[in-house]
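Engineer: Questions regarding the structure given below will be posed in turn.
The values are calculated or read from the model by the stated rules, or taken from the named source; none is laboratory data. All of these numbers come straight from a predicted model, not from anything done at the bench. All Cβ positions, even for glycine, are placed from backbone atoms using ideal geometry, and neighbour counts span all protein chains on display.
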Amino acid sequence: MSQTLTRTEIAQHKTKTDLWFIVHDKVYDATKFLDEHPGGEDVLLDVAGQDASEAYDDVGHSDEAGEVLSTLQIGTVKQQSGDPTPKTMQSSTSETTHAALGPSAGIPSGAVYLGGLVGSLVAVGLYLNFATQFGA
């Protein structure tokens, strides 16, 4: 039951009882999923009737989330003159970024964890040095 919908049509579905949004030119009906969304219903209500591609990508959803999303697809966006240019999907790389920093930070997750490990080792070294000198 895939249909081609205009952004004007999609924009009319922005309530708790009728919630659609766009991610990468695909249209999703999240009305029945609203209560189940792990991020809460407010996140979905904020993008209701709109293009949520950037918000979806910024969160860094799991593959499982993508599978759930695919079950909600009801159509695709029909581009019309005056519509904003569709946002391209971010390319997937072998390096992921740390979720707390966000994808735009550009720091590979391995570097973040390595920094945490080094910081922990320095802290343990300082503690042992302190304990040796002061007998704590």
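Engineer: Identify, please: which residue in region 27-63 is polar (S, T, N, Q) and free of Cβ contacts under 8 Å to residues at least 24 places away in the same chain and is, among those, nearest to Q73 (Cα to Cα)?
Structural biologist: Residues of region 27-63 that are polar (S, T, N, Q), as a first pass: 31, 50, 53, 62.
Subset that is free of Cβ contacts under 8 Å to residues at least 24 places away in the same chain: 31, 62.
Working: T31: 12, S62: 17 Å.
So the residue we want is T31.
Engineer: Separate question: Kindly provide the set of residues from region 38-80 that are touching a helix residue (DSSP H, G or I) at 6+ places or on another chain (Cβ under 8 Å), more than 23 Å from T6 (Cα to Cα) and surrounded by 15 or more Cβ atoms within 10 Å (Cβ to Cβ), ordered by number.
Structural biologist: The answer is E41, H61.
Engineer: Are any residues in region 48-63 in a helix (DSSP H, G or I) and among the aliphatic types (A, V, I, L, M), and if so, which ones? Break it down stepwise before answering.
Structural biologist: So in region 48-63, the residues in a helix (DSSP H, G or I) come out as 53-59, 63.
Passing the criteria: A55, V59.
Engineer: Now, a different point. All but one of (1) crowded, with 16+ Cβ neighbours inside 10 Å; (2) touching a helix residue (DSSP H, G or I) at 6+ places or on another chain (Cβ under 7 Å); (3) outside any helix (DSSP H, G or I) hold for D83; state the number of the condition that does not hold.
Structural biologist: Exception for D83: condition (1).
Engineer: So A55 fits all but one of (1) modelled with pLDDT of 75 or more; (2) over 27 Å from A11 (Cα atoms); (3) touching an Asp or Glu at 6+ places or on another chain (Cβ under 9 Å); what number is the exception?
Structural biologist: Tallying (1) modelled with pLDDT of 75 or more; (2) over 27 Å from A11 (Cα atoms); (3) touching an Asp or Glu at 6+ places or on another chain (Cβ under 9 Å), A55 fails exactly one: (2).
Engineer: Looking only at region 15-30, how many residues end up being surrounded by fewer than 17 Cβ atoms within 10 Å (Cβ to Cβ) and over 15 Å from S70 (Cβ atoms)?
Structural biologist: Filtering region 15-30 down to residues surrounded by fewer than 17 Cβ atoms within 10 Å (Cβ to Cβ) leaves 15-18, 24-25, 29.
Imposing the further condition that a residue be over 15 Å from S70 (Cβ atoms) reduces the set to 15-18.
The qualifying residues number 4.
Engineer: Name the residue, out of G119, G66, that is on the phi < 0 side of the Ramachandran plot, part of a helix (DSSP H, G or I) and modelled with pLDDT under 90.
Structural biologist: On the way: G66 fails: modelled with pLDDT under 90.
Matching residue, one of G119, G66: G119.
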